[in-house]
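> Starting off with a structure, shown below.
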Amino acid sequence: MASVPLSDQEARNIETFRKVVELGFSQGKLDSLGSLFTRDFQEHQDGMNPPNLEGVKKAIVQLRTSFPDLKLEIADFIIKGDKGWFRLKGQGTHLGQFGPMPATNRKVVVDVIDICRFENGLIAEHWGIPDRFSVMRQIGLPQPPRWLFRLLSRRQGTDLGTNLPYSSVHNVIDT
């Protein structure tokens, strides 16, 4: 399959995102991030508080405290005009508190999907979806009970109770 040449703007957008990944997440250089985002940047990823650059910086500090050797790299991307879709691979060692879980010294690998909207080569909006269930499983957090998935699925009108992210749990509480 032939690749379509990138416009100069698309190439700048990819380079901006690459710098965020390498400098921010992989190296923890928070001071380098200000020049990569618009002043009114909006973060849409769940858990980023506040939903702006300060929230991103807080998340990086938390991640790098839990996984000090965290490294992310862009595995694949699609870029079209002012939008970019990125698939990242990350890895790190769980050496600090992560949520309720104390350090386990376990190595983890994580997949992340990021979607960005750019303005003039800067990130204006971001939506991120890390595979949190995979990280939780790898560091040994127990699977939430099936009854919780059923309760949530009833509220959302879906059947999460029969398609759990961890299929190896045998002690199931039915409601």
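> Just to be sure, is LYS57 in contact with a Leu (Cβ under 6 Å, 6 or more places away or on another chain), in the same structural domain as VAL135 (by TED's automatic domain parsing) and either on the phi > 0 side of the Ramachandran plot or not polar (S, T, N, Q) (or both)?
Numbers: in contact with a Leu (Cβ under 6 Å, 6 or more places away or on another chain): yes; in the same structural domain as VAL135 (by TED's automatic domain parsing): yes; either on the phi > 0 side of the Ramachandran plot or not polar (S, T, N, Q) (or both): yes.
Criteria met by LYS57.
Residue-by-condition table, conditions (1) more than 19 Å from PRO68 (Cβ to Cβ); (2) at pLDDT below 85:
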| position | (1), (2) |
| --- | --- |
| ARG106 | no, no |
| VAL110 | no, no |
| ARG117 | yes, no |
| GLY121 | yes, no |
| TRP127 | yes, no |
| GLN138 | no, no |
| LEU148 | yes, yes |
| SER153 | yes, yes |
| GLY157 | yes, yes |
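> Hey, any hits in region 62-70 for a residue that's within 26 Å of LEU33 (Cβ to Cβ), of a type in the set (Phe, Trp, Tyr) and outside any loop (DSSP other than H, G, I, E, B)? First the steps, then the outcome.
In the first step, residues of region 62-70 are kept if they are within 26 Å of LEU33 (Cβ to Cβ); the result is 62-70.
Then drop every residue that is not of a type in the set (Phe, Trp, Tyr), which leaves 67.
Filter once more, so that each one left must be outside any loop (DSSP other than H, G, I, E, B): none.
No, because not a single residue in region 62-70 is within 26 Å of LEU33 (Cβ to Cβ), of a type in the set (Phe, Trp, Tyr) and outside any loop (DSSP other than H, G, I, E, B).
> Can you tell me which residues in region 96-150 are polar (S, T, N, Q), more than 30 Å from ASP82 (Cβ to Cβ) and in contact with a Lys or Arg (Cβ under 9 Å, 6 or more places away or on another chain)? Step through it out loud before you land on a result.
Step one: list which residues in region 96-150 are polar (S, T, N, Q), which gives 97, 104-105, 120, 134, 138, 143.
Filter once more, keeping what is more than 30 Å from ASP82 (Cβ to Cβ): 97, 104-105, 134, 138, 143.
Listed by number, the residues that qualify are GLN138, GLN143.
> Filter region 12-29 down to residues that are more than 18 Å from TRP85 (Cβ to Cβ) and within 17 Å of the chain's Cα centre (by Cα), then give me how many there are.
Step one: filter region 12-29 for residues more than 18 Å from TRP85 (Cβ to Cβ), giving 22-24, 26-29.
Those left that are additionally within 17 Å of the chain's Cα centre (by Cα): 22-24, 26-28.
So the count comes out to 6.
> Suppose we filter region 75-102 for residues that are of a type in the set (Ser, Thr, Tyr) and surrounded by fewer than 14 Cβ atoms within 10 Å (Cβ to Cβ); how many remain? Before the answer, list the steps.
Going residue by residue through region 75-102, those that are of a type in the set (Ser, Thr, Tyr) are 93.
Adding the requirement that they be surrounded by fewer than 14 Cβ atoms within 10 Å (Cβ to Cβ) leaves none.
Qualifying residue count for the region: 0.
This table checks each residue for (1) in contact with a Phe, Trp or Tyr (Cβ under 7 Å, 6 or more places away or on another chain); (2) of a type outside the set (Val, Ile, Thr).
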| site | (1), (2) |
| --- | --- |
| LYS57 | no, yes |
| ILE60 | yes, no |
| ARG64 | no, yes |
| PRO68 | no, yes |
| ASP76 | no, yes |
| ILE79 | no, no |
| LYS83 | no, yes |
| LYS89 | no, yes |
| GLN97 | no, yes |
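> Related question: Among the residues in region 71-88, are any in a loop (DSSP other than H, G, I, E, B) and within 15 Å of the chain's Cα centre (by Cα)?
Checking region 71-88: not a single residue is in a loop (DSSP other than H, G, I, E, B) and within 15 Å of the chain's Cα centre (by Cα).
The values are calculated or read from the model by the stated rules, or taken from the named source; none is laboratory data. Bear in mind that the values here come from a model prediction, so they are computed numbers and not experimental data. Virtual Cβ from ideal backbone geometry, glycine too; neighbours counted across all protein chains shown.
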